Amino acid sequence: MNQSLIEKSKQHLWLPFTQMKDYDEHPLIIESGEGIKLKDIDGKEYYDGFSSVWLNVHGHRKTELDEAIKKQLGKIAHSTLLGMTNVPATELAEILVKISPEKLTRVFYSDSGAEAMEIALKMAFQYWKNTGKPEKQKFISMRNGYHGDTIGAVSVGSIELFHHVYGPLMFDSFKARVPYVYRSESGDPDLCRDESLEELEKLLIEHHGEIAALSIESMVQGASGMIVMPEGYLAGVRRLCTKYDVLMIVDEVATGFGRTGKMFACEHENVQPDLMAAGKGITGGYLPIAVTFATEEIYKAFYDDYEKLKTFFHGHSYTGNQLGCAVAIENLRLFESEKIVEQVAEKSKALHLLLQDLTSLPHVGDIRQLGFMCGIELVQSKKTKRSFPPEQRVGYQVSLKMRELGMLTRPLGDVAAFLPPLASTTEELEAMVSIMKEAIHEVTSRES
Ligand SMILES: *Cc1c(COP(=O)(O)O)cnc(C)c1O
């Protein structure tokens with residue numbers, strides 16, 4: 001029976017971000033999960049070392065979350081948010097505003113991080129139209145940024161490998177640079193920060209009159225390899241956005257909801273965004289809910305008599321889905337009762353020590369970490385920081401080896417990404433790191 005399921009998957013499915021030829025060689029079908037482990041149809045167990053693509057918080061089959069959905073099902077699964085609301089969407093909004101940076105007072109729901117970013121971009125664009133500065137139409141976005149895969153989100157993204165092919169479809173945006181300390185000439189975080197900020201200021205001096213907003217991931221550029229921003233950088237960007245009257249859109253889709261040891265990563269720098277996108281951990285990894293937060297000032301720019309046509313004409317069929325909102329409420333209740341954010345902050349110190357154990361490996365070039373968001377950059381030469389030839393696919397080989405050893409993750413090029421569920425215990429973290437160590441050791445000693 002299992003073989004026939006594998007055959008079906010090969011015959012009919014087309015998987016996201018997947019070369020299907022790779023899948024056909026290494027098929028995998030998950031059947032169940034319990035705690036921080038997943039089980040495939042052959043009964044083999046794996047640590048969920050990437051939180052099922054950076055989503056999972058409390059582990060799988062968390063009783064309270066399961067129950068919250070069942071309870072909501074006893075009332076209703078879904079009704080629209082166009083022109084009306086529902087009970088859980090309304091209650092969740094109050095909670096979200098309470099836990100988010102102070103200036104963010106409004107929440108606009110959608111179903112994925114990419115949509116939450118699209119919404120932020122469109123809100124920023126229309127904000128200036130509605131407030132009498134229609135010449136502010138352009139965006140500044142960050143090199144190596146990632147904001148999701150719809151065309152608008154791709155336009156402000158900048159990962160050559162994913163985005164190059166769609167170039168002709170994208171709207172233009174000015175590009176600025178987030179410091180990448182490991183790959184910089186000086187290797188000095190303060191210097192990197194100051195250089196990047198100076199460059200950004202030059203761009204703003206020249207173009208701020210035509211710029212609606214700047215979009216940036218919060219504290220860590222995730223998809224481009226877990227590149228952690230140096231201290232003071234995000235706050236510096238905020239200062240410049242304010243100085244040059246440009247809205248700041250902060251993407252917390254990956255970093256939000258405790259992932260970095262704060263509820264939202266911008267708290268590390270006391271940054272108050274004008275617009276903020278969040279998703280991933282919001283439902284504990286259960287259902288697709290995402291949210292765009294806005295300030296009251298932005299909200300008010302759309303509030304007028306209908307004939308003024310200031311309405312935000314945007315929405316999706318499943319916006320504000322009751323089941324999703326109900327499980328998000330329960331998730332956030334558990335954040336409080338189980339002190340998830342404090343726990344991540346505390347356990348990430350232990351994780352830091354565990355990861356230090358990898359520095360002795362001959363091909364581990366850089367270890368980056370903020371909370372439970374970690375990237376281990378593998379290089380051919382530690383001394384010169386020379387990368388492995390891409391065709392060797394070292395990161396991919398390491399992930400296959402980890403799978404064999406009982407842990408799932410997805411590599412980002414030659415960066416092994418480690419984002420365990422936030423509820424992972426220190427013992428579980430230790431077991432996962434030791435699988436990573438063994439896999440990296442085995443593959444890199446073979447490949448070099
Ligand atoms: C995952 C991610 C997105 C896109 O979210 P989806 O729900 O996959 O559309 C956007 N921004 C960042 C920083 C992400 O990590």
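No value in this document is a laboratory result; all are computed from the given coordinates. Just so we're clear, the structure is a prediction, and the values are computed from it rather than from any experiment. Positions of Cβ are backbone-derived with ideal geometry, glycine not excepted, and every protein chain shown enters the neighbour counts.
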Problem - region 335-346 - phi-based ³J(HN,Hα) in whole Hz, Karplus 6.51/-1.76/1.60, Gly and Pro as x - result: 3, 6, 5, 9, 6, 4, 5, 5, 4, 5, 4, 6
Practice task
Using a 10 angstrom cutoff on alpha carbons, build the Gaussian network for the chain and name the most mobile of Ile376, Ile99, Ile216.
Solution key: Ile99
Exercise for the section: Take the Cα pairs of region 1-97, get the Kirkwood Rh, then feed it into Stokes-Einstein at 4 °C and 1.567 mPa s and tell me D in µm²/s. Expected result: 77
Completion exercise
Across Glu206, Glu45, Glu297, the residue with the highest GNM fluctuation in the chain (Cα network, 10 Å cutoff) is Glu206
Practice task
Apply 1/(1 + (r/R0)^6) to the Cβ-Cβ distance of Arg183 and Glu160, taking R0 = 22 Å, and write down the FRET efficiency to the nearest 0.05.
Solution key: 0.95
Exercise for the section: Select from Pro88, Pro16, Pro420 the residue whose mean-square fluctuation is largest in a Gaussian network model of the chain (Cα-Cα springs shorter than 10 Å). Expected result: Pro16
Practice task
State the Kirkwood hydrodynamic radius of region 231-353 in Å, one decimal place, computed from all pairs of distinct Cα atoms.
Solution key: 16.6
Completion exercise
Under the 7 Å Cα-to-Cβ spin-label approximation, Thr105 and Lys243 lie apart by a distance in nanometres of 2.8
Exercise for the section: Would you kindly give the portion of the calculated P(r) for the chain that falls above 36 Å, as a percent of all Cα pairs? Expected result: 27
Handout entry: Additional length obtainable on full extension of the chain from Leu73 to Lys122, 0.36 nm per residue less Cα span
Key = 14.3 nm
Practice task
Taking every pair of Cα atoms in region 136-247, average 1/r, invert it to obtain the Kirkwood radius, and report Rg/Rh to two decimals.
Solution key: 0.95
